Ligand SMILES: [Zn+2]
């Protein structure tokens, strides 16, 4: 099924032009291989920018919805969004800090310990983290005696990290920056890019930079949410504009090879309910290729991840979930039920739009300091502190922070005991009362 590509003009940026024309560009080539043999495999509703929780209820004139359809590159198998938001707009309200989540900090500790035990970077050698955020991944390396350097284009986060003791260059990673780093600090024994490959608009420049940064015996590690887990666990909430790529092993192996690197290991981890950590070295590096690489390539072939049918089936499952939610919505409207939501995560606007919940939800409960007492993107649903759940006691609370469904239900037993209900959207649409089994 070949789809005629829409082309959104990036020109015509007259002052009063709709924002759509200003900051959303439809790319016509694959982000990994630059091929143009692209199939639309999952059609989705356009969504607002997921991080833009607003201080005012009044919607600004330029608040808009942007496409997030998924495309498959028939040349290399990479699955991606082609509608790209201007990074200056996309990241202007970026509130995420790795160090705010205990589970992420524990994960980074384990990663640093494993890299040192398995790859033996020399004591005092350089570790560079791309998209280093608040420096959380570098801290365990620093504690173990390595020199560390962060790179992150979000200036105020980079400044915070530097002030807290992790020197961070406030720029995007480019070959020119890689050259400057090597000249000043020497080559890196370890380069990491955790959950940033999905964000990079120019993957070729990123890969070239990593290659140039690496010492001949250095290792590069990347973590990305895994396409197979997105499909298997219906991780719909991960599809928003910051995630331009949905990675699998085969396209990444070919991509790294084109940039002079060799994938030597793949490990699946439970972060974000299903991610991979890939390890690579410069071509001809000293480490053997582990059997895990061939095993993942075989698994992906067997599951047909490089063919449209597997992704189209994912789209069909989403359609069935939407029908389930439509039925619930009709019942709630008929009975005049009150409905709220839980979790102002970045998955929220995606789920609200894809399940048609915009006009239904009265409020969203969340305590995040950068979300509470603000308003959700586009629909302008107020975000209230979680303690108000027991004051308002809505009949149904839809869980938008879907990765945390179990802990949200477990920590709000009192609401359920008093007749309330939680509702999950994915991997299944399910109403949970006081006597129900916990969510998946
Ligand atoms: Zn491609």
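The values are calculated or read from the model by the stated rules, or taken from the named source; none is laboratory data. Here the structure is a predicted model, which means the values were calculated and not measured. Neighbour counts run over all protein chains shown; Cβ positions are idealised from the backbone, glycine included.
Could you run through the range 41-82 and say how many residues are more than 16 Å from the ligand (Cβ to nearest atom), at pLDDT below 95, in a strand (DSSP E or B) and crowded, with 20+ Cβ neighbours inside 10 Å? Going through the range 41-82 one residue at a time, the tally reaches 2. For beta carbons closer than 7 Å, sequence separation of 6+ or different chains, a first residue in the range 16-37 that is in the same structural domain as residue 259 (by TED's automatic domain parsing) and within 17 Å of residue 200 (Cα to Cα) and a second that is at pLDDT 90 or above and more than 8 Å from the ligand (Cβ to nearest atom), there are no qualifying pairs. Hey, can you tell me all the residues within the range 180-199 that are farther than 19 Å from residue 135 by Cβ and either free of Cβ contacts under 8 Å to residues at least 24 places away in the same chain or over 23 Å from the mean Cα position of the chain (by Cα) (or both)? Matches in the range 180-199: 180, 182, 183, 186, 187. Checking the stated criteria, residue 165 turns out not to satisfy the condition of being assigned by TED's automatic domain parsing to the domain that holds residue 42, at positive phi, in contact (Cβ under 8 Å) with a residue 24 or more places away in the chain and not in a strand (DSSP E or B).
The number of residues in the range 132-147 being assigned to a loop (DSSP other than H, G, I, E, B) and under 17 Å from residue 186 (Cα atoms) comes to 2. Looking at the range 339-440, the helices (runs of 4 or more DSSP H) lying wholly inside it that each contain 1 or more residues that are more than 23 Å from residue 43 (Cα to Cα) and at pLDDT 95 or above sit at 389-392, 405-410, 413-417. Scanning the range 241-265 for residues that are part of a strand (DSSP E or B) and within 20 Å of the chain's Cα centre (by Cα), which turns out farthest from residue 228 (Cα to Cα)? Top of the filtered list is 245.
Is it the case that the range 326-337 has a residue that's part of a loop (DSSP other than H, G, I, E, B) and either surrounded by fewer than 22 Cβ atoms within 10 Å (Cβ to Cβ) or not assigned by TED's automatic domain parsing to the domain that holds residue 49 (or both)? So that I can check it myself, show each step before the final result.
Filtering the range 326-337 for residues part of a loop (DSSP other than H, G, I, E, B) gives 336-337.
Still in the list and also either surrounded by fewer than 22 Cβ atoms within 10 Å (Cβ to Cβ) or not assigned by TED's automatic domain parsing to the domain that holds residue 49 (or both): 336-337.
There is at least one residue in the range 326-337 that is part of a loop (DSSP other than H, G, I, E, B) and either surrounded by fewer than 22 Cβ atoms within 10 Å (Cβ to Cβ) or not assigned by TED's automatic domain parsing to the domain that holds residue 49 (or both).
If you go through the range 248-304 and keep only what is within 16 Å of the ligand (Cβ to nearest atom) and at pLDDT below 95, you end up with nothing.
Among residues of the range 23-40 being more than 16 Å from the ligand (Cβ to nearest atom) and surrounded by 19 or more Cβ atoms within 10 Å (Cβ to Cβ), the one that is modelled with the highest pLDDT is 24.
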